[in-house]
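Read through the structure below, which is laid out as structure tokens, and then see the notes.
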Amino acid sequence: MKLYRLNRLFNNESGNCFDVAIDHGFFNEYAFLNGIEDVEKAVEVLVDAAPDAIQLTVGQANYLQRIPGRHKPSLVLRTDVANVYGKQLPRSLFSRMIENPVEQALRLDATCVVVNLFSIPDEPEVTDQCIQNILKIKPEAERYGMPLMVEPLVFRPNSEAGGYMVNGDPEKIIPLVRQGVELGADIIKADPTDDVSVYHKVVEVAGDIPVLVRGGGKASDQEILERTYQLMQQGVCGIVYGRNVIQHANPAGMTRALMEIVHHGAKPEDVISLLKDGI
């Protein structure tokens, strides 16, 4: 059953996946709502653009799954909620998993569940919570044949770069990715390294587990297209982008441009015109 769901998640021709994440409202940050204030409309726009998957929460998944017809993106279900993304961190940090996450995913006809693995400076308790979440969900995912996506995420010190600022140091990303694999990930969703040319080392350490790369912070059109192309040349199996799609002036055009890079090996100069279509 796990293979059957993976077949729905990954493109049958390229073997890659483009998952658009619009689960940001889960994390109680005002800035995260930019572009997804109306989630129903955002889902409709993305469905028309036809990425491989859309990442949603239990409270918003119905906007995708109630759309009739067979030809729509697969659902990736976010299973944990955290309070670690603010510019000023609260007194107590947490990463909590929803109850019976795999059963809820099955009822929503999800193809995959995703859970975080945080590494935050001087906050080992949050990492411990993440590991406990993974240890809890993994046997349940295996029991029901549900693919498990683990999201290793290395933060920079909040005093240095508060508010969802990630660390692109490969010496920090690589061991956390490996820990995610060791804990039983079927898919890894990891940040890009500062030097994209070394990302093949992340792919290598993940072994035969496919690596999807997170989009990170908002970037210029040229930067996000160039970075995506370079990452695909490093052996990744796709991308999971949120803000660089949903906060774009033309989310559908950006989706189509990225799909061309991910599935057909298109170069940035070949697809940048798609960003102007439909505006």
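Brief remarks on what is shown
- Count of region 100-138 residues which are over 19 Å from the mean Cα position of the chain (by Cα), charged (D, E, K, R) and within 23 Å of ILE174 (Cα to Cα): 4
- Residues in region 182-197 that are open to solvent by less than 30 Å² (accessible area, probe 1.4 Å) and of a type in the set (A, V, I, L, M) were compared, and the one that is farthest from the chain's Cα centre (by Cα) is VAL196.
- Every condition in (1) in contact (Cβ under 8 Å) with a residue 12 or more places away in the chain; (2) under 22 Å from ARG243 (Cβ atoms); (3) open to solvent by 30 Å² or more (accessible area, probe 1.4 Å) holds for TYR30 except the one numbered (1).
- Residues (open to solvent by less than 10 Å² (accessible area, probe 1.4 Å) and either at pLDDT below 95 or in a strand (DSSP E or B) (or both)) located in region 75-84: LEU75, VAL76, LEU77, ARG78, ASP80, ALA82, VAL84
- Exactly one residue out of VAL154, VAL150 is in contact with a Gly (Cβ under 9 Å, 6 or more places away or on another chain), farther than 22 Å from LEU9 by Cβ and open to solvent by less than 20 Å² (accessible area, probe 1.4 Å), and it is VAL154.
- The set of residues in region 121-146 that are touching a Lys or Arg at 6+ places or on another chain (Cβ under 9 Å) and more than 16 Å from MET1 (Cβ to Cβ) comprises PRO121, GLN129, ASN133.
- Filtered residue count, region 41-77, keeping only those that are farther than 25 Å from ASN116 by Cα and not β-branched (Val, Ile, Thr): 11
- Verdict on LYS41 being touching a residue at least 40 places away in the same chain (Cβ under 8 Å) and surrounded by fewer than 17 Cβ atoms within 10 Å (Cβ to Cβ): no
- The one condition from (1) part of a loop (DSSP other than H, G, I, E, B); (2) closer than 25 Å to PRO210 by Cβ; (3) touching a residue at least 24 places away in the same chain (Cβ under 8 Å) that GLY35 does not meet is (2).
- Restricting region 245-279 to residues that are polar (S, T, N, Q) and surrounded by fewer than 21 Cβ atoms within 10 Å (Cβ to Cβ), the residue that is farthest from LYS41 (Cα to Cα) is SER273.
- Test: residue in region 127-141 that is surrounded by fewer than 20 Cβ atoms within 10 Å (Cβ to Cβ), free of Cβ contacts under 8 Å to residues at least 24 places away in the same chain and aliphatic (A, V, I, L, M): no
- Screening the candidates ILE239, ILE174 for the property of being of a type outside the set (S, T, N, Q), at pLDDT 95 or above and outside any helix (DSSP H, G or I) yields one hit, ILE239.
- Tally of residues being within 19 Å of the chain's Cα centre (by Cα), farther than 14 Å from VAL114 by Cα and outside any loop (DSSP other than H, G, I, E, B) across region 139-171: 4
The values are calculated or read from the model by the stated rules, or taken from the named source; none is laboratory data. Please read these numbers as outputs of a predicted model, since none were measured by experiment. Reconstructed Cβ throughout: ideal geometry from the backbone, glycine too, with neighbour counts over all protein chains shown. Ligands, DNA and RNA are stripped out before the accessible areas are found, and what is left, the full protein with its side chains, is counted by its heavy atoms. Shrake-Rupley method; radii C 1.70, N 1.55, O 1.52, S 1.80 Å.
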